[in-house]
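Data first, discussion second: the structure below is written as structure tokens.
The values are calculated or read from the model by the stated rules, or taken from the named source; none is laboratory data. Since the structure is predicted, the reported quantities are computational estimates derived from the model, not experimental observations. Every residue, glycine as well, gets a Cβ built from its backbone with ideal geometry; the counts of neighbours run over all protein chains shown. Surface areas here come from the heavy atoms of the whole protein model, side chains and all, with no ligands, DNA or RNA. Shrake-Rupley method; radii C 1.70, N 1.55, O 1.52, S 1.80 Å.
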Amino acid sequence: MPSLRRRSSDHSTSWPRPCSSKAVYRIATVLNLEPLQQLAFVAIKQLIRKDNVLDELFTHFAASHKEIMQMEIAVVIQYWTHLRDSHFQRKMEEMAEGEYPFGDIIVAELVKRLVVVDADE
């Protein structure tokens with residue numbers, strides 16, 4: 001019996017390309033498939049790093065999915081001293097130029113969380 005697993009060297013088959021974890025999260029949310037949504041959330045979280053978190057946070061996807069936005073904001077806060085002077089400032093300049101029409105939602109949530117973190121210190 002042939003294996004159902006596609007070998008990376010087998011280009012002759014017409015298997016569909018794998019779907020992104022964001023796409024899985026979206027469809028799981030729409031279909032209210034909580035276990036699948038959580039698996040996709042974990043996969044998305046594993047891809048978030050200090051060097052890409054602001055790019056991921058300032059997306060329509062993050063602005064549209066509060067749980068994703070909150071997770072990414074937590075990562076931003078974790079690396080805030082590294083991000084605030086250069087990366088975050090650049091994002092604010094890009095937002096002022098109109099690149100992120102949904103950026104106000106993200107910045108408002110981030111500021112709320114930063115105020116809480118600052119108050120705790």
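What number of residues in the stretch 16-44 are under 13 Å from the mean Cα position of the chain (by Cα) and either farther than 17 Å from Ser64 by Cβ or of a type in the set (Ser, Thr, Tyr) (or both)?
Number of matching residues: 5.
Can you pull out the residues in the stretch 21-47 that are outside any helix (DSSP H, G or I) and under 22 Å from Ala74 (Cα atoms)?
Initial filter on the stretch 21-47 (outside any helix (DSSP H, G or I)): 31-33, 47.
Passing the criteria: only Leu47.
Quick check on this structure: which one of Lys66, Lys45, Lys112 is basic (Lys, Arg) and touching a helix residue (DSSP H, G or I) at 6+ places or on another chain (Cβ under 7 Å)? Full working, then the answer.
On the way: Lys66 fails: touching a helix residue (DSSP H, G or I) at 6+ places or on another chain (Cβ under 7 Å); Lys112 fails: touching a helix residue (DSSP H, G or I) at 6+ places or on another chain (Cβ under 7 Å).
It is Lys45.
So which residues in the stretch 45-59 are in contact with a His (Cβ under 9 Å, 6 or more places away or on another chain) and crowded, with 18+ Cβ neighbours inside 10 Å, if there are any at all?
Val53, Leu54
Out of all the residues in the stretch 60-79, which are open to solvent by 50 Å² or more (accessible area, probe 1.4 Å) and in a helix (DSSP H, G or I)?
Within the stretch 60-79, His60, Ser64, Lys66, Glu67, Gln78 meet the criteria.
Collect the residues in the stretch 83-104 that are of a type outside the set (D, E, K, R), open to solvent by 80 Å² or more (accessible area, probe 1.4 Å), in a helix (DSSP H, G or I) and within 30 Å of Gln37 (Cβ to Cβ), keeping them in residue-number order. Walk me through how you get there before you give the answer.
Start the filter on the stretch 83-104 by keeping residues that are of a type outside the set (D, E, K, R), which leaves 83, 86-89, 92, 95-96, 98, 100-103.
From what's left, open to solvent by 80 Å² or more (accessible area, probe 1.4 Å): 89, 96, 101.
Those still in the list that are in a helix (DSSP H, G or I) too: 89, 96.
Residues satisfying the conditions do not exist here.
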